[in-house]
Amino acid sequence: MGNVKKNPWNIFDVSNSGISIAVWFVISLLIVISFLAILSVDRELYMELAKEGTNTERLTSIFYLAAGILFLVRAVKDYRQTKSVKMLMFPLLFGLFFLFIAGEEESWGQWLFYYDTPEAIKNMNTQKELNVHNLSILSSFISPHGVLNLLALMTGIIIPLVYLMVSPLRRLLNRLRFPVSPLACMTLFILGLFYEKASGYIYYNWASAEIREFLFSIAFLLFSISAYRVRNRRE
């Protein structure tokens, strides 16, 4: 078969090409501008879009679910080809983590199937739901939102930039088979981290955190597509 011509405007081309980065910069900027515009002109619609268990949060859960599945498929494929645990370790960890977040977003199906929270968990959960991130004992030690922000900062911004600029670290990450997020995701991570502050100048509300998580979920889905389709670009 001959070479198939690559479409440079394919939005799922998550390479580090200039076009890919520019396309996702525009898409992420349009998403943020759209939410800020809705917040400015129709606050009721904005709150409806961000309401838990519906709309934006449901999409967020679906994107995390897809990301987790793609990473797990990548892990299985790598292991079948190499029989090496090293090859599947990081894709496996990312896959399980994203599946966990997907479950947490929907309170493990509670928003879909409307079953009651067990009494033992209800008494320990600040929102009376079946999830881990709202457990009162957990909030005393760690912020789940802070963990997600740190993951976005490290995997979506710092590691890709250092990977691009520092040869020794690039060789180390390649040797460890650590999947590196493509630069096309970076705007989504950056705007996600700063969205709450930007929207707060208009009207600060919990809903802004849901929009931030939505932006993160798109970026992590792109990350998973990159990990599934290709390995790190600079060997």
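A few points about this structure:
- Evaluating 6.51 cos²θ - 1.76 cosθ + 1.60 at θ = phi - 60° for every residue in the stretch 30-46, the Karplus couplings come out as 5, 4, 5, 4, 5, 5, 5, 5, 4, 4, 6, 9, 8, 5, 5, 5, 4 Hz, glycine and proline recorded as x.
- Amide hydrogen neighbours beyond the local backbone of ASN125, cut-off 5 Å, H modeled: SER136
- Peptides 93-102, 61-70 ordered by average Cβ neighbours within 10 Å, highest first: 61-70, 93-102
- Close lysine pairs were tallied over the chain: pairs 8 or more places apart or on different chains with Cα atoms under 24 Å apart number 4.
- Report summary: the helix-based calculation at 222 nm, which adds -39500 (n - 2.57) for every DSSP H run with n ≥ 4 and divides by the residues of the chain, gives -22000 deg cm²/dmol.
- Using the 1.4 Å probe convention, the accessible area of the chain works out to 54 Å² per residue with neighbouring protein chains retained.
- For the chain, the convex hull spanned by the alpha carbon atoms encloses 166 Å³ per residue.
- Projected onto its three principal axes, the C-alpha set of the stretch 146-206 covers 46, 19, 14 Å, listed from the longest axis down.
- Once the Cα atoms are used to define both axes, helix 55-82 deviates from the longest principal axis of the chain by about 30 degrees.
- Helix 85-105 and the longest principal axis of the Cα set of the chain meet at an angle near 20°.
- Apolar share of the accessible surface for the stretch 53-92: 70 percent from carbon plus sulfur atoms, 1.4 Å probe.
- Sequence ranges 151-164, 179-192, ranked by mean other-Cβ count within 10 angstrom, highest first: 179-192, 151-164
- In plain terms, the chain from PHE194 to ASN55 could stretch by 47.9 nm, reckoned as 0.36 nm per residue minus the Cα-Cα distance.
- Two-site FRET efficiency, LEU30 against VAL132, from Cβ-Cβ distance with R₀ of 35 Å, rounded to 0.05: 0.55
- Inter-label distance, nm, simple model (7 Å from Cα along the C-beta direction), LEU172/SER84: 1.8 nm
- Averaged over residues, the count of other Cβ atoms within 10 Å places the peptides 143-150, 17-24 in the sequence 17-24, 143-150, highest first.
The values are calculated or read from the model by the stated rules, or taken from the named source; none is laboratory data. Note that the structure is a prediction, hence the values are computed from the model and not measured. Glycine also receives a Cβ, built like all others from the backbone with ideal geometry; neighbour counts cover every protein chain displayed. These area figures cover heavy atoms from the full protein model, side chains too; ligands, DNA and RNA do not enter into them. Shrake-Rupley method; radii C 1.70, N 1.55, O 1.52, S 1.80 Å.
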